[in-house]
Amino acid sequence: MAEKNYDANRLRTIYIYRLLFERTDEEHGLTFAEIASELEKLGAPAARKAFYEDIRALINFGADIRVDKGRHTSYRLVSRTFEPAELKLLADAVVSSRFLTPRQSEELLGKLRTLTSIHKADILQRQLFIANNSNAGNKKLMANIDILSRAVAEKRQVSFRYFDYDVNKKKVYRENTARLRSAGSKYERFCSPYTLAWNDEKYYLVAYNPNRGKISNFRVDKMDWVRLTDEPCRPLPKSFRLAQYLDAQFSMFSGSSDIVRLRFTNDLVGAVLDRFGIQTMLIPDDDQHFHVNVPVRTGSTFYGWLFQFGNKAEILTESVRADYRKALLEAAELNADIGEVRS
């Protein structure tokens, strides 16, 4: 019996902290009577003196506990690692992530709710109906991210299969045409992972691609059969700067990287800074326009972004301007006879 009481006394302080964490915040408190009632249910009853000692111990430990004295003195945990607004931001990111399945979204939101009081958790609970409208996603994505994160940390190569979808939404694996490995499936690929990057609501693995003999970006949600190998990663070249490489990626698609001069009307300053960063130098042309010199990966993705601004955006770099014009003409020609039914 003495041993049971000893364990209860040791656990009582932890129980008190958990009660304060789960049921109190800056707007909601618990009285000694309410806490004592819960401790009784947990088999760790507390007299007032022992309770006060536990509260002092938690405060000395660093818990931000506020004691509101009065007729019914209450206790509340007023701050946590994450503030409610920060958790709301994380919840919004989870809900809007296109690569997560509804079940994965619900599980992540459930974990986020445990980081605040039950009163604040209601805000995150109301987001679940949005998550159910998300795409099907890759059910193995979370496991793949875990494997890839380990590979980056341990500097080990990974093997995987890379796929696209056909018109029936079935996976079609890309063949490893380089045939760099004699063993294994013809679809099996290998790479040396360097980092995981988030871009345009998608995860990418930045890795050395032996098939192309250079660094490539792989969509993580299109990687299947991901396995950690015992092969060490190919080291990054000493002259290579990963941060600069990521900054230069306008988007994670193919295309040559160029410094391009672009001209915009002044009302597009926000859009330009959103795309290229707050550090971008804006050079005034006249009262209505400014231009920038920025590194971009030219191609259809860049042109699609630029086209949305119509006559408010102009390419001043002649070679890129000519390529953009060509792309527009090809698209216009393709859609010229929209009423014609092709055989």
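The values are calculated or read from the model by the stated rules, or taken from the named source; none is laboratory data. Bear in mind that the values here come from a model prediction, so they are computed numbers and not experimental data. Note: ideal-geometry Cβ built from the backbone for every residue, glycine included; neighbour counts use all protein chains shown.
Among the residues of the range 44-71, not one is among the polar types (S, T, N, Q) and in a strand (DSSP E or B). As a summary of the residue check, ASP230 satisfies the conditions (1) in contact with a helix residue (DSSP H, G or I) (Cβ under 9 Å, 6 or more places away or on another chain); (2) in a strand (DSSP E or B); (3) in the same structural domain as ARG174 (by TED's automatic domain parsing) except for the one numbered (1). If you go through the range 276-318 and keep only what is under 32 Å from the mean Cα position of the chain (by Cα), surrounded by 12 or more Cβ atoms within 10 Å (Cβ to Cβ) and in a loop (DSSP other than H, G, I, E, B), you end up with THR280, LEU282, THR298, GLY299, PHE309. Of all residues in the range 47-65, those satisfying the criterion of being more than 32 Å from the chain's Cα centre (by Cα) and without any contact (Cβ under 8 Å) to a residue 24 or more places away in the chain are ALA47, ARG48, LYS49, TYR52, GLU53, ARG56, ILE59, ASN60, PHE61. Taking ARG241 as the residue in question, decide whether it is buried (at least 17 other Cβ atoms within 10 Å of the Cβ), basic (Lys, Arg) and modelled with pLDDT under 90. So ARG241 fails the test.
Screening the candidates ALA197, ALA207, ALA183 for the property of being assigned to a strand (DSSP E or B) and either of a type in the set (Lys, Arg) or modelled with pLDDT under 90 (or both) yields one hit, ALA197.
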